[in-house]
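Take a look at this one; I'll ask things after.
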Amino acid sequence: MKRPVRRDHPRARLTTLAVLAVLAGCQSIPKDAFKLPPTSLEDRQLQSRKFDTVDHRMLLASGASVLQDLGYALDASNADLGVLTASKDLDATNAGQVAGAVFLAALTGTVTAVDKEQNVRVCLVINRSLEDRNASIARISVQRVIWNTQGQMTRAETVKDSELYQSFFEKLAKSAFLEAHQL
């Protein structure tokens with residue numbers, strides 16, 4: 001005769017956990033999960049430039065040079081895939097935020113965390129142009145993550161500064177020209 005399994009038995013706990021895991025995995029994907037935001041075309045145009053070359057390795061090498069000149073450390077590069085990532089840490093202190101925290105501390109006696117540091121990450125991808133067989137498309141995206149004085153992440157966002165992207169592409173064009181002509 002079989003003995004009944006008690007509820008506090010390890011096998012009963014394991015079975016309960018397995019059933020809960022299966023039920024948790026049965027969630028459906030939200031309808032809008034793959035819907036692009038309305039600004040996705042604008043973002044892609046801001047982040048992309050056409051170059052009249054199909055030499056992806058030269059464009060990646062030029063991109064690496066530009067990023068290093070801008071103080072970024074190269075994290076990963078794959079010339080076969082046309083991908084390069086780089087990052088750098090920056091100060092994220094905001095004088096207005098600090099002044100507000102000091103004022104709040106003076107009024108209430110409580111310490112408020114303020115933004116302290118940020119990590120800026122850049123991803124450069126080079127692809128052959130679909131419209132022009134003799135050209136490539138370089139796309140760069142810039143994200144940043146900000147941490148406060150208590151070590152908590154306060155923000156993670158894509159940087160959408162048109163001047164930043166324009167400046168990068170101008171420098172990339174100059175660097176690619178110099179690299180192509182071995183100057």
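Return the total of residues in the stretch 123-142 being surrounded by 13 or more Cβ atoms within 10 Å (Cβ to Cβ), hydrophobic (A, V, I, L, M, F, W, C) and outside any strand (DSSP E or B).
1
Considering PHE177, PHE103, which residue is over 23 Å from the mean Cα position of the chain (by Cα) and farther than 17 Å from LYS50 by Cα?
Going through PHE177, PHE103 in turn, the sole match is PHE103.
Residue pairs, Cβ under 9 Å, 6 or more apart or interchain, first in the stretch 88-109 and in a helix (DSSP H, G or I) and modelled with pLDDT under 80, second of a type in the set (S, T, N, Q) and surrounded by fewer than 14 Cβ atoms within 10 Å (Cβ to Cβ). List them.
From residues that are in a helix (DSSP H, G or I) and modelled with pLDDT under 80, the pairs are LEU104/THR110.
A further question on this structure: As an exercise: evaluate GLY63 against (1) within 21 Å of HIS181 (Cβ to Cβ); (2) buried (at least 18 other Cβ atoms within 10 Å of the Cβ); (3) without any contact (Cβ under 8 Å) to a residue 60 or more places away in the chain and give the number of the one condition it does not meet.
Status for GLY63: all satisfied but (3).
The values are calculated or read from the model by the stated rules, or taken from the named source; none is laboratory data. From a predicted model like this one, the values you see are computed outputs, not experimental measurements. We place every Cβ from the backbone using ideal geometry, glycine too, and count neighbours over all the protein chains shown.
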